[in-house]
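Notes to accompany the following structure.
The values are calculated or read from the model by the stated rules, or taken from the named source; none is laboratory data. These numbers come from a predicted model, not from an experiment. Note that each Cβ is placed from the backbone with ideal geometry, even for glycine, and that neighbours are counted across all protein chains shown.
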Amino acid sequence: MAPDALHVPLLRPVPVVPGLDQSLRFLADPYRFIARECHRLGSDVVLARLMLQPTLCLTGPGAAELFYDCTRVRRAGLVPEPKRAGLFGGYAVPTSGGDPHPSRMRFIVATSGPLAAAALVTRALREWDRLLPHWCARPRLVLYGAAQEWLARTACAWAGIPLARDEVGSRTAQLAALFDPPAGGLAAHLRARLARRDAETWLARLVQDHRRQWVFTEDSPAAAAAELVDSQGGQRLPARLAAAELLNLLRPIVAVSVFVALAAHALHRHPGWRDSLADGEDGDLEAFVQEVRRFYPFFPAVPGQVRREFVWEGWHFPQGARVMLDLYGTNHDARAWPQPHEFRPERFFGAVPGLFDFVPHGGRAEDGPRGPGEGLTLALMKLALRQLALHLRYQVPAQDLDLRMDRPPALPRDRFVVERLVPI
């Protein structure tokens, strides 16, 4: 035996999902496809063909740790627009990565830290109080749609972006279409692209106007975005790119409307938690919203690409291979979560989940599985839960509350309807 033979890893074949292409099966059940195939084939890694492209599908905390090793896997600009829309509908897939320019990094930190979260919550509460009388005046309210408008108003006001009363509806629809288009398939793809184009045009025009004469609120995130510079000559970003950065702030805030509807769904399905939340203790609120993020679907999976050839757990990952991490399955992995398919907020009492056990959003490559906006998401979710559980009485009429698992985002089929709203 050669001296180096003991140092050569023993390779094992990656199990292959049967069939010529699994795209239709993935689209039919995007949240459970990877974990189901991995379980069936007895492996944390399986090879499937998605959109006719071989894809190494990964699940579990160990696989998540591998996926977020930026020396091995990159996530910037991986999925062409048509394929991304085909695999994920119009839903925004977090694929950014790389090393941001220092001015952009400062912008990210300034708009996602504790001070930013506190300012966002203050604005969100103000907008909630403003909208509540209108909600209470309606015989029925689709909570998901109401939350979208609430958060669109909140995001624009917090970011310092002027929003006229007659454009609230159109801007809310544009921002919502970026993560939840009202149609599927090609229609979803086209609608999402049109919504992004229109939203970027709107914001780019405001950036140009701001650079000529002050438009955004002073010292606001929007004003900071308008002054972002490029990584080459230190020149201000083109207005369209600055608009894209702004859109990356607004969209995730409005997307929290998904979690608002899901938190209400959890509260309805587990009414005993109303008593537990009655004292308004932050620890109880935190545990509940964290379990909502773990238990309920958000992103199905996130794509990546192998930077350089390596071997992990005996499996060979060739350079350039496409990989896809299963988020929903990892959040329901029994190795990290006892009784993973039960809704149990108490599992978060005094416990901090492992960094790669809990991957609710997918994050960004440079920030790992959580992403820099996690604090904003948690702050808004706790505010919404506090209002729903402690400061609002309502009834839930007969409706279809089953989650649609065949499309992201997976929401109750009737988007959670409430009636007879009364402030407490």
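Looking at the stretch 402-424 only, could you name the residues that are aliphatic (A, V, I, L, M) and either within 11 Å of Val142 (Cα to Cα) or surrounded by 15 or more Cβ atoms within 10 Å (Cβ to Cβ) (or both)? Give the derivation first.
Restricting attention to the stretch 402-424, the residues satisfying the condition of being aliphatic (A, V, I, L, M) are 403, 405, 410-411, 417-418, 421-422, 424.
Result: Leu403, Met405, Ala410, Leu411, Val417, Val418, Leu421.
When the residues of the stretch 342-364 are narrowed to those that are charged (D, E, K, R) and assigned to a loop (DSSP other than H, G, I, E, B), which ends up nearest to Leu58 (Cα to Cα)? Steps first, answer last, please.
Initial filter on the stretch 342-364 (charged (D, E, K, R)): 342, 344, 346-347, 357, 364.
Next, only the ones that are assigned to a loop (DSSP other than H, G, I, E, B) stay: 342, 344, 357.
Numbers: Glu342: 23, Arg344: 25, Asp357: 13 Å.
Ranking the candidates gives Asp357 first.
Name the pairs: first residue in the stretch 404-422 and farther than 11 Å from Gly145 by Cβ, second residue part of a strand (DSSP E or B) and aromatic (Phe, Trp, Tyr), Cβ to Cβ under 7 Å, at least 6 apart or on different chains?
Pairs that qualify, where the first residue is farther than 11 Å from Gly145 by Cβ and the partner is part of a strand (DSSP E or B) and aromatic (Phe, Trp, Tyr), are Val418/Tyr394; Glu419/Tyr394; Arg420/Tyr394; Leu421/Tyr394.
I'm trying to understand the selection: among the residues of the stretch 309-334, which are more than 22 Å from the chain's Cα centre (by Cα) and surrounded by 12 or more Cβ atoms within 10 Å (Cβ to Cβ)? Break it down into steps so the answer makes sense when it comes.
Keep residues of the stretch 309-334 that are more than 22 Å from the chain's Cα centre (by Cα), which gives 309-321, 334.
Once the filter is applied, which keeps residues that are more than 22 Å from the chain's Cα centre (by Cα) and surrounded by 12 or more Cβ atoms within 10 Å (Cβ to Cβ), the stretch 309-334 yields Glu309, Phe310, Val311, Trp312, Glu313, Gly314, Trp315, His316, Phe317, Ala321.
Against the condition within 22 Å of the chain's Cα centre (by Cα), surrounded by fewer than 16 Cβ atoms within 10 Å (Cβ to Cβ) and modelled with pLDDT under 95, how does Leu186 come out, does it pass? Can you show your working first?
Details: within 22 Å of the chain's Cα centre (by Cα): yes; surrounded by fewer than 16 Cβ atoms within 10 Å (Cβ to Cβ): yes; modelled with pLDDT under 95: yes.
Taking the combined requirement at face value, the residue satisfies it.
Looking at the structure I just gave you, is Gly304 assigned by TED's automatic domain parsing to the domain that holds Tyr31, farther than 30 Å from Lys382 by Cα and buried (at least 20 other Cβ atoms within 10 Å of the Cβ)?
Numbers: assigned by TED's automatic domain parsing to the domain that holds Tyr31: yes; farther than 30 Å from Lys382 by Cα: yes; buried (at least 20 other Cβ atoms within 10 Å of the Cβ): yes.
So Gly304 passes the test.
Kindly establish whether Gly77 is modelled with pLDDT under 95 and either more than 26 Å from Pro353 (Cα to Cα) or not assigned by TED's automatic domain parsing to the domain that holds Arg193 (or both). So that I can check it myself, show each step before the final result.
Numbers: modelled with pLDDT under 95: yes; either more than 26 Å from Pro353 (Cα to Cα) or not assigned by TED's automatic domain parsing to the domain that holds Arg193 (or both): yes.
Yes.
Does Gly280 qualify as being surrounded by fewer than 20 Cβ atoms within 10 Å (Cβ to Cβ), farther than 20 Å from Thr71 by Cα and either among the aliphatic types (A, V, I, L, M) or free of Cβ contacts under 8 Å to residues at least 12 places away in the same chain (or both)?
Details: surrounded by fewer than 20 Cβ atoms within 10 Å (Cβ to Cβ): yes; farther than 20 Å from Thr71 by Cα: yes; either among the aliphatic types (A, V, I, L, M) or free of Cβ contacts under 8 Å to residues at least 12 places away in the same chain (or both): no.
So Gly280 does not fit the description; no.
So that you can scan it fast, the table gives a plain yes or no per residue for (1) in contact with a strand residue (DSSP E or B) (Cβ under 6 Å, 6 or more places away or on another chain); (2) outside any loop (DSSP other than H, G, I, E, B); (3) of a type in the set (D, E, K, R); (4) buried (at least 21 other Cβ atoms within 10 Å of the Cβ):
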position	(1), (2), (3), (4)
Asp209	no, yes, yes, no
Thr217	no, no, no, no
Gly234	no, no, no, no
Leu241	no, yes, no, no
Ala244	no, yes, no, no
Val254	no, yes, no, yes
Val260	no, yes, no, yes
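Would you say Leu131 is modelled with pLDDT of 95 or more, in a helix (DSSP H, G or I) and surrounded by fewer than 21 Cβ atoms within 10 Å (Cβ to Cβ)?
Yes; evaluated as a whole, the condition is true for this residue.
Sort out which residues of the stretch 128-177 are of a type in the set (Gly, Ala, Ser) and free of Cβ contacts under 8 Å to residues at least 60 places away in the same chain, and write them in order of number. Give the derivation first.
Here is the first cut: in the stretch 128-177, the ones of a type in the set (Gly, Ala, Ser) are 137, 145-147, 152, 155, 157, 159-160, 164, 169-170, 173, 176-177.
Selection gives Ala137, Ala146, Ala157, Ala164, Gly169, Ser170, Ala173.
Could you list all residues from the stretch 51-67 that are buried (at least 17 other Cβ atoms within 10 Å of the Cβ) and modelled with pLDDT under 95?
Passing the criteria: only Met51.
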